[in-house]
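The values are calculated or read from the model by the stated rules, or taken from the named source; none is laboratory data. Because the structure is a prediction, the values reported are computed rather than measured. We place every Cβ from the backbone using ideal geometry, glycine too, and count neighbours over all the protein chains shown.
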Amino acid sequence: MTDFQEGQILYFDKPLRWTSFNLVAKVRWLLCQYLGVKKLKVGHAGTLDPLATGVLIVCTGKATKRIDELQAHTKEYVATLQLGATTPCFDLEKPIDATYPTEHITLERIQQVLSQFIGQIEQVPPSFSACKVDGHRAYKLARKGEEVDLKPKILVIDELELQHFDAEKMQLTLRIVCSKGTYIRALARDIGKALDSGAHLIALRRTRVGDIRVEQCMQIEDFEPWLKNQTNI
């Protein structure tokens, strides 16, 4: 018997263009409908940007007390970077704001640069992020055109594997295993700078959180039929 009010941990493959909040709201609404309650505590462990897909852990009821613990787990991503151009938010949410030369970029140079990002590094979070500045979310200030001064954070990149490099399109695909608090958009920015060029994310998928892989996760459209099979509903 599944007791969502006592607390359950659910694993979803977040769809493209959904915010993490959108998915949590949908799960909460469906649970309230099937449980016949007006309120239920539901939260997620680790935000994914709207243009990212993959593992999103959702906690219900008393299991929301475990969110901090779950957020601390190591994460794995597969990211595709476009070299030679930047955007204000370092992904496709905003249009390109600057272009850079790429003729000097070779496979060897990429491999050399990637090795610099393995281990403990400092990273300045993106202005378009949920980090707080004087009590305000950075992305809200950035969208108003205000300057956002974010301090660098210490984080750990355990693995940074080059999976594919398309020299014609100047696109590279990376597998990244990293600690809590890593912004893959900011990593793309920093890799672009280290290559004496620019870069931004064009695709991002979170493939693992702790021991949970994306293959084990539920699609949101399958959640309602799954609920109907629970014995206490």
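Note on region 175-226: residues that are more than 30 Å from PHE4 (Cβ to Cβ), part of a helix (DSSP H, G or I) and of a type outside the set (Asp, Glu) amount to 10.
In this structure, LEU187 does satisfy being under 25 Å from ILE96 (Cα atoms), modelled with pLDDT of 95 or more and in contact with a Cys (Cβ under 9 Å, 6 or more places away or on another chain). Could you please let me know if THR53 is β-branched (Val, Ile, Thr), under 17 Å from the mean Cα position of the chain (by Cα), modelled with pLDDT of 95 or more and surrounded by fewer than 17 Cβ atoms within 10 Å (Cβ to Cβ)? Considered against the rule, which asks whether it is β-branched (Val, Ile, Thr), under 17 Å from the mean Cα position of the chain (by Cα), modelled with pLDDT of 95 or more and surrounded by fewer than 17 Cβ atoms within 10 Å (Cβ to Cβ), THR53 comes out as no. Scanning region 158-210 for residues that are in contact with a helix residue (DSSP H, G or I) (Cβ under 8 Å, 6 or more places away or on another chain) and among the polar types (S, T, N, Q) returns a single hit, THR207.
Of all the numbered requirements in (1) of a type in the set (A, V, I, L, M, F, W, C); (2) farther than 16 Å from GLY181 by Cα; (3) outside the structural domain of ASP190 (by TED's automatic domain parsing), LEU81 misses one, and that requirement is (3).
Criterion first (under 23 Å from GLU215 (Cα atoms), among the aromatic types (Phe, Trp, Tyr) and surrounded by 14 or more Cβ atoms within 10 Å (Cβ to Cβ)) does PHE12 satisfy it? Criteria met by PHE12. Regarding region 101-111, can at least one residue be identified that is assigned to a strand (DSSP E or B), modelled with pLDDT of 95 or more and among the hydroxyl-bearing types (Ser, Thr, Tyr)? No, region 101-111 contains no residue that is assigned to a strand (DSSP E or B), modelled with pLDDT of 95 or more and among the hydroxyl-bearing types (Ser, Thr, Tyr). Count of region 1-21 residues, restricted to those that are of a type in the set (Gly, Ala, Ser) and assigned to a loop (DSSP other than H, G, I, E, B), is 1. Here ILE110 clears all of (1) buried (at least 18 other Cβ atoms within 10 Å of the Cβ); (2) among the β-branched types (Val, Ile, Thr); (3) under 22 Å from the mean Cα position of the chain (by Cα) except the condition numbered (3). Only residues that are farther than 22 Å from ASP211 by Cβ, touching a residue at least 60 places away in the same chain (Cβ under 8 Å) and part of a loop (DSSP other than H, G, I, E, B): list them for region 22-64, please. Of everything in region 22-64, those that are farther than 22 Å from ASP211 by Cβ, touching a residue at least 60 places away in the same chain (Cβ under 8 Å) and part of a loop (DSSP other than H, G, I, E, B) turn out to be ASP49, LEU51.
Here ALA79 meets each of (1) within 30 Å of ALA167 (Cα to Cα); (2) modelled with pLDDT under 95 with one exception, condition (2). When you look at LYS94, is it in the same structural domain as LYS151 (by TED's automatic domain parsing) and either in contact with a helix residue (DSSP H, G or I) (Cβ under 8 Å, 6 or more places away or on another chain) or among the charged types (D, E, K, R) (or both), yes or no? Yes, satisfied. Just one of (1) part of a loop (DSSP other than H, G, I, E, B); (2) surrounded by fewer than 17 Cβ atoms within 10 Å (Cβ to Cβ); (3) of a type in the set (Asp, Glu) fails for ASP68. It is (1).
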